[in-house]
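Peer 1: So that we are looking at the same thing, I have put the structure below in structure tokens.
Only the coordinates and a few stated rules stand behind these numbers; no lab work does. The structure displayed is predicted, hence computed values, not measured ones. Neighbour counts are summed over all protein chains in view; Cβ atoms, including those assigned to glycine, are modelled from backbone coordinates with ideal geometry.
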There are 2 protein chains.
Amino acid sequence: MRKLSMEELNRKSTDEFKQAQKLPIIVVLDNVRSMNNIGSVFRTADAFLLEGIYLCGVTAKPPHREIQKTALGATDTVNWKHFETTIEAVNLLKNEGYKIYAVEQADESIMLDKFTPDSSKLALVFGNEVSGVEQAVIDVCDACIEIPQYGTKHSLNISVSAGIVVWEVAKSISK
Amino acid sequence: MRKLSMEELNRKSTDEFKQAQKLPIIVVLDNVRSMNNIGSVFRTADAFLLEGIYLCGVTAKPPHREIQKTALGATDTVNWKHFETTIEAVNLLKNEGYKIYAVEQADESIMLDKFTPDSSKLALVFGNEVSGVEQAVIDVCDACIEIPQYGTKHSLNISVSAGIVVWEVAKSISK
């Protein structure tokens with residue numbers, strides 16, 4: 001087996017990305033503190049050709065050196081908007097026909113391995129590193145998706161959670 | 001939907017984790033530079049009850065304050081060993097009957113969504129942030145697994161890649 005060179009990967013140019021048909025998934029970041037996590041989510045959104053990222057509340061906006069360290073340029077390709085509050089972003093998405101799923105451990109959550117998207121347009125809300133998605137935001141979402149976990153820690157890193165959920169949902173809607 | 005409290009999550013104690021039956025998956029880190037990534041992989045290994053993590057070459061070892069920032073204590077639960085070289089770790093695992101998969105973009109790689117593990121014990125090798133898994137390491141692996149990507153960047157963040165591949169492989173072998 002031979003590793004492919006950068007050229008052989010045949011990735012899109014920024015222009016090709018802008019013109020490409022996107023997966024109708026919006027990632028909503030609800031008060032995410034770490035710029036390392038924000039940049040990493042941009043890179044994931046670039047890899048899976050997502051529609052965009054909504055940065056809400058204290059979530060920092062590009063351009064920022066600390067976001068760039070993990071985004072590595074993905075802030076130039078992926079569409080993003082900033083909202084003062086997450087609820088504002090969720091309400092706008094609802095009006096535009098998106099189904100909104102909070103990724104959170106809740107009493108009626110759907111386990112990710114059992115989840116089938118029932119809408120062609122969907123938004124995935126990921127929460128703050130310590131407090132998760134705010135209850136008031138969950139109250140306006142359509143459902144919660146949970147990543148089943150079996151260890152001692154209460155949650156995964158938020159950029160890892162976003163990677164896993166985006167991968168799984170992108171797979172289902174591309175089928 | 002109501003968010004669950006920490007108590008309601010009913011996570012394992014460190015002792016319960018140590019005694020629990022693990023998923024027979026070893027994550028091998030081939031010269032991973034970022035302690036943020038190392039800590040994050042520990043947290044993923046804790047969440048999915050993995051057998052252990054092999055830290056190779058320049059990959060830093062716990063205890064370390066920078067690893068702890070993202071591991072949040074998962075270095076106390078997940079088994080780990082350090083090896084001078086990744087090839088040494090891979091050869092040991094082979095002798096113990098593990099099938100070894102490098103997560104890398106190679107000319108004969110298996111796309112993750114088409115991958116079915118054909119062994120009950122497996123090791124997943126993740127590479128350096130810039131150079132990926134070394135060709136010499138790939139040469140001693142059984143196969144390469146690739147995460148299909150459609151954007152402009154050549155790869156995902158390594159802790160995100162590890163999350164996605166561990167999630168997908170853990171799902172297949174738990175079935």
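Peer 1: Which of the residues spanning the range B:147-167 are more than 19 Å from A:T70 (Cβ to Cβ) and either crowded, with 20+ Cβ neighbours inside 10 Å or touching a residue at least 60 places away in the same chain (Cβ under 8 Å) (or both)?
Peer 2: B:V166, B:W167
Peer 1: Does the range B:85-135 hold any residues that are under 21 Å from B:I53 (Cβ atoms), in a helix (DSSP H, G or I) and touching a residue at least 12 places away in the same chain (Cβ under 8 Å), and which are they?
Peer 2: Residues satisfying the conditions are B:T86, B:I87, B:E88, B:A89, B:V90, B:N91, B:L93, B:K94, B:L112.
Peer 1: Does A:T59 qualify as being of a type in the set (S, T, Y) and over 26 Å from B:L4 (Cβ atoms)?
Peer 2: Considered against the rule, which asks whether it is of a type in the set (S, T, Y) and over 26 Å from B:L4 (Cβ atoms), A:T59 comes out as no.
Peer 1: Something else about it: Here is a check on your reading of the model: is B:T70 assigned to a helix (DSSP H, G or I) and either among the hydroxyl-bearing types (S, T, Y) or more than 26 Å from B:T14 (Cβ to Cβ) (or both)?
Peer 2: yes
Peer 1: Do we have any residue at all in the range B:43-51 that's within 25 Å of A:V125 (Cβ to Cβ) and β-branched (V, I, T)?
Peer 2: Within the range B:43-51 (the criterion being within 25 Å of A:V125 (Cβ to Cβ) and β-branched (V, I, T)), the answer is yes, since at least one residue qualifies.
Peer 1: Would you mind telling me which numbered condition in (1) within 14 Å of chain B (Cβ to nearest Cβ); (2) aromatic (F, W, Y); (3) surrounded by fewer than 23 Cβ atoms within 10 Å (Cβ to Cβ); (4) more than 15 Å from B:H154 (Cβ to Cβ) A:F83 fails?
Peer 2: (1)
Peer 1: Also, I was wondering about something else. Can you pull out every residue in the range B:38-49 that is of a type outside the set (A, V, I, L, M) and free of Cβ contacts under 8 Å to residues at least 60 places away in the same chain?
Peer 2: Of everything in the range B:38-49, those that are of a type outside the set (A, V, I, L, M) and free of Cβ contacts under 8 Å to residues at least 60 places away in the same chain turn out to be B:G39, B:F42, B:R43, B:D46.
Peer 1: Looking only at the range B:86-100, which residues are touching an Asp or Glu at 6+ places or on another chain (Cβ under 7 Å) and either within 14 Å of chain A (Cβ to nearest Cβ) or surrounded by fewer than 19 Cβ atoms within 10 Å (Cβ to Cβ) (or both)?
Peer 2: Of everything in the range B:86-100, those that are touching an Asp or Glu at 6+ places or on another chain (Cβ under 7 Å) and either within 14 Å of chain A (Cβ to nearest Cβ) or surrounded by fewer than 19 Cβ atoms within 10 Å (Cβ to Cβ) (or both) turn out to be B:K99, B:I100.
Peer 1: What residue, among those in the range B:1-51 that are of a type in the set (G, A, S) and either in contact with a Leu (Cβ under 6 Å, 6 or more places away or on another chain) or surrounded by fewer than 18 Cβ atoms within 10 Å (Cβ to Cβ) (or both), is nearest to the other protein chains (Cβ to nearest Cβ)?
Peer 2: B:A47
Peer 1: Residue by residue through the range B:19-37, note down the ones that are free of Cβ contacts under 8 Å to residues at least 60 places away in the same chain and assigned to a helix (DSSP H, G or I).
Peer 2: B:Q19, B:M35, listed by residue number.
Peer 1: Same structure, new question: I need a count of the residues in the range B:153-174 that are of a type in the set (D, E, K, R), within 7 Å of chain A (Cβ to nearest Cβ) and not in a loop (DSSP other than H, G, I, E, B).
Peer 2: So the count comes out to 1.
Peer 1: Moving to a separate point now. Out of all the residues in the range A:101-118, which are more than 7 Å from chain B (Cβ to nearest Cβ), surrounded by 22 or more Cβ atoms within 10 Å (Cβ to Cβ) and touching a helix residue (DSSP H, G or I) at 6+ places or on another chain (Cβ under 8 Å)?
Peer 2: Answer for the range A:101-118, where residues must be more than 7 Å from chain B (Cβ to nearest Cβ), surrounded by 22 or more Cβ atoms within 10 Å (Cβ to Cβ) and touching a helix residue (DSSP H, G or I) at 6+ places or on another chain (Cβ under 8 Å): A:A102, A:V103.
Peer 1: Continuing with this model, one more query. Does the range B:141-149 include one or more residues that are more than 8 Å from chain A (Cβ to nearest Cβ), in contact with a Leu (Cβ under 8 Å, 6 or more places away or on another chain) and closer than 20 Å to B:I53 by Cβ?
Peer 2: yes
Peer 1: For the range B:40-59, which residues satisfy the criterion of being more than 11 Å from B:L29 (Cα to Cα) and of a type in the set (S, T, Y)?
Peer 2: Correct list: B:S40, B:T44.
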